[in-house]
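Participant: Quick one: the structure is below, questions incoming.
Read-outs throughout are calculated quantities, based only on the coordinates presented, and are distinct from any laboratory measurement. Only a predicted model underlies this, so the values are computations on that prediction, with no experimental measurement involved. Heads up, the Cβs are rebuilt from the backbone with ideal geometry, glycines too, and the neighbour counts pull from every protein chain shown.
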Amino acid sequence: MKWLADGIYTQPEYRQCHLLYYTGLRRTAKTILGEIVRKMFLNHHDELALLREMKAHALEMYEAIQHEDFDAAGRLVRTTWQQNQTLDNGTNPVECQRLEPLIDDLCLGYKLPGAGGGGYMYMIAKDPEAAARIRQMLKENPINKNSRFVDMAISRHGLQISRS
């Protein structure tokens, strides 16, 4: 197990740049993952090349985070999102595609995290002012009645389970 620096998430100048927006839209991971695995087992050259590229990209992200290079990490999140969409064009629902022109110039990178089902968009704003503009814009113009910003922070205590 390797330790990973958390400065780009916890330092005051960066902490407020990480935004988590609940879109209210959910994707079905089963279909997305099934198609990816099928292409992998059929040895589709383009698919396998992209998966190798994604592995190398993950190591680049590790280095950017470890060196606390906020700008590089943000740009790499953007690349991750582009790779995800190349891997499966069903990754980005039409409703989320409508958000991109609103936030693109204000973000280093953004993506829908995970394999589906969660309905969140993670954004790394270029700076605190850009983050405030994104928050204001999406609060005034939510994509649906369920969408909202969710507070997020790095836990220093590990996994904790609670019931409400």
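Participant: Bin width 5 Å, alpha-carbon pairs only: give the P(r) of the chain as whole percents, running from 0 to the bin holding the largest distance.
Facilitator: Spelled out bin by bin, the chain gives 1, 8, 15, 19, 19, 17, 13, 6, 2, 0 percent.
Participant: Could you pull out the pairs from K111/K145; K55/K145; K2/K139 whose alpha carbons sit more than 31 Å apart here? Intermediate values should be presented prior to the final figure.
Facilitator: On the way: K111/K145 21 Å; K55/K145 37 Å; K2/K139 38 Å.
As for pairs spanning more than 31 Å Cα to Cα, those are K55/K145; K2/K139.
Participant: With the chain treated as a Gaussian network of Cα nodes joined by springs under 10 Å, which of R98, R75, R148 yields the largest mean-square fluctuation?
Facilitator: Looking only at R98, R75, R148, the largest GNM fluctuation is found for R98.
Participant: What are the ³J(HN,Hα) values, in whole Hz, obtained from phi via the Karplus relation 6.51 cos²θ - 1.76 cosθ + 1.60 with θ = phi - 60°, for each residue of segment 51-64 in sequence order, with x given for Gly and Pro?
Facilitator: Whole-Hz 3J(HN,Hα) from phi for segment 51-64: 5, 5, 4, 5, 5, 4, 4, 4, 5, 4, 4, 4, 5, 4.
Participant: Using Cα pairs closer than 8 Å and at least 6 residues apart in sequence, work out the relative contact order for segment 43-136, in percent. Don't jump to the answer; show the numbers that get you there.
Facilitator: Numbers: 75 pairs, mean separation 21.5, N = 94.
Reported as a whole number, the value is 23 percent.
Participant: Mind checking segment 63-140 for GluC sites (Glu not before Pro) that DSSP puts in a loop (not H, G, I, E or B) and that have at most 16 other Cβ atoms within 10 Å? Before the final figure, lay out the partial values.
Facilitator: Working: sites: E63, E68, E95, E129, E140; in loops: E68.
For GluC sites (Glu not before Pro) across segment 63-140 that sit outside H, G, I, E and B with at most 16 neighbouring Cβ atoms in 10 Å, the list reads E68.
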